[in-house]
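One structure below.
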Amino acid sequence: MAYETILCETKGRVAIITLSRPDALNALNTQLVGELAEALTGYDRDDAIGAIVITGSEKAFAAGADIKEMAPKSFMDVYREDFAANWDVAARCRKPVIAAVAGYCLGGGCELAMQCDFILAADTAKFGQPEITLGIMPGIGGTQRLTRFVGKSKAMEMCLTGRMMDAEEAERSGLVSRVVPAADLLTEAEKVASKIASLSLPAVMMTKETVNRAYETTLSEGILFERRVFHSMFATEDQKEGMEAFSEKRKPNFKNR
Ligand code: HXC
């Protein structure tokens, strides 16, 4: 599939999607979000893919939603079309999605990164929710997801002032899983994605679903959900293979079903 605003490639069982609107620092517009949604849905359905990386350029993961596209819209425009309701493209994916972030990761860009399962940051990464400086506020999860990642005080300060956080602060605050030198970002992201993609796909998908459950439910319901999913894993061939391989001191050969 030929896209105009993203580049797609696969390396083994890893799919890499590169946001590519260099003239607009990868700002998210309707076309880009549509193409990203289509590519993600395709990889999510593709048995040959076990993990997905979303990345941007050295200068920007994405500098937000496209301000020039949004500027002329009226309240009735955005309300009637329910603007951005379907921009939770990465959050809808059932396979693991890793955000590999260098440079600016702002507004809708930061919100897209936070929809991913974890964020690997280059030491050049800068995170922020600058919408307030445009007379608006985050619209695809920023006020909710950032608060869950970094806590109320820091999320509130960032959303109310538009202040950017550097990579070191983002790691310290729990927004990103790890910071790596910018030159190593993609190699590291591919390495961690291929590690995940080499494991049992049903186990990986169920684990992702169960960790995400922690955000949606009480502790006791979450633990019950975990135990039920854990029990169901004993119906998979991969559980037999994984445990037999351990006993036989060999590498498992997962069937992924
Ligand atoms: C449209 C953008 C853009 C954006 C940058 N550009 N960000 N275009 N939407 N979000 C364009 C610029 O207009 C410029 O185009 C080119 O990209 C390069 O940007 P510069 O500003 O010249 O680069 P620089 O001086 O290095 O500054 C980088 C920057 C700045 C600090 C990241 O571009 C910036 O502040 N961008 C806006 C960040 C922002 O407010 N994001 C939140 C958007 S609202 P030209 O043609 O002039 O060369 C949002 C809402 C999400 O995300 C929720 C709703 C769905």
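The values are calculated or read from the model by the stated rules, or taken from the named source; none is laboratory data. Model, not experiment: these values are computed from the prediction. With ideal geometry, Cβ positions are generated from the backbone for all residues, glycine too; neighbour counts draw on all protein chains shown. Protein only, heavy atoms only, side chains kept; ligands, DNA and RNA dropped before computing areas. Shrake-Rupley method; radii C 1.70, N 1.55, O 1.52, S 1.80 Å.
For region 169-257, the list of GluC sites (Glu not before Pro) that fall in a loop by DSSP and count at most 10 other C-beta atoms within 10 angstrom reads 216, 248. Pairs over the 24 Å Cα-Cα cut-off, from the set 95/195; 73/95; 11/249; 11/95; 11/251; 11/208: 73/95; 11/249. How large is log10 of I(q)/I(0) for region 170-257 at q = 0.11, 0.17, 0.20 Å⁻¹ when the intensity is taken from the Debye formula with one equal scatterer per alpha-carbon? For region 170-257, the Cα-only Debye profile gives -0.46, -0.92, -1.03. Taken one residue at a time, the phi angles of region 224-233 give Karplus couplings (6.51, -1.76, 1.60, θ = phi - 60°) of 5, 4, 4, 5, 5, 5, 4, 4, 5, 5 Hz. Gly and Pro are set to x. Normalised by the number of residues in region 154-254, the mean separation of alpha-carbon contacts (under 8 Å, six or more apart) gives a relative contact order of 14 percent. Residue-wise HN-Hα couplings along region 153-163, as the Karplus relation 6.51 cos²θ - 1.76 cosθ + 1.60 with θ = phi - 60° gives them from phi, are 4, 5, 4, 5, 4, 5, 6, 7, 10, x, 4 Hz; Gly and Pro carry x.
Give the calculated FRET efficiency between residue 248 and residue 169 to the nearest 0.05, with a Förster radius of 41 Å applied to their Cβ-Cβ distance. Here the calculated transfer efficiency is 0.30. For residue 144 and residue 212, the difference between the fully extended length at 0.36 nm per residue and the C-alpha to C-alpha distance is 23.1 nm.
For region 1-95, the share of alpha carbon pairs falling in successive 5 Å distance bins from zero is 3, 13, 22, 22, 18, 12, 6, 2, 1, 0 percent. Here the chain is treated with +1 on each Lys and Arg Cβ and -1 on each Asp and Glu Cβ, and its dipole about the Cα centre works out to around 700 debye.
Semi-axes of the equivalent ellipsoid for region 83-182, computed as √(5λ) from the eigenvalues of its C-alpha gyration tensor and ordered from largest down, come to 19, 17, 12 Å. Taking only the Cα atoms of region 6-197, the ratio Rg/Rh comes out at 0.95, with Rh defined as the Kirkwood radius. Relative to the longest principal axis of the Cα atoms of the chain, helix 30-45 runs at roughly 0 degrees.
If you take every DSSP beta bridge fully contained in the chain, what fraction is antiparallel? Give it as a percent rounded to 5. Here the share of antiparallel DSSP bridges comes out near 25 percent. Computed from the Cβ-Cβ distance with R0 of 30 Å, the FRET efficiency linking residue 257 to residue 3 stands at 0.50. Structural descriptor for the chain: relative contact order 16 percent, calculated from alpha carbon pairs under 8 angstrom and at least 6 residues apart.
By accessible area, using a 1.4 Å probe on protein heavy atoms only, the chain has 56% of its surface on carbon and sulfur. Quick one: helix 237-247 against the long Cα principal axis of the chain, what's the angle to the nearest 10°, folded into 0 to 90? Tilt of helix 237-247: around 60 degrees.
In loop segments of region 1-104 as defined by DSSP, the trypsin sites (Lys or Arg not before Pro) with at most 14 further C-beta atoms inside 10 Å of their C-beta are 59, 73, 92, 94. For the pair region 192-257 / region 1-59, the C-alpha centres are spaced 26 Å from each other. Approximating the spin labels as points 7 Å out from Cα along Cα→Cβ, the residue 74-to-residue 137 distance works out to 2.4 nm.
Simple rule: put +1 on each Lys or Arg Cβ and -1 on each Asp or Glu Cβ in the chain, find the dipole, and look at 30, 67, 233; the Cα lying farthest toward the positive end is 233. Residue 164 contributes about 80 Å² of solvent-accessible surface, heavy atoms of the protein only, 1.4 Å probe.
Semi-axes of the equivalent ellipsoid of region 200-248 are 25, 10, 8 Å, computed as sqrt(5λ) over the eigenvalues of the C-alpha gyration tensor in descending order.
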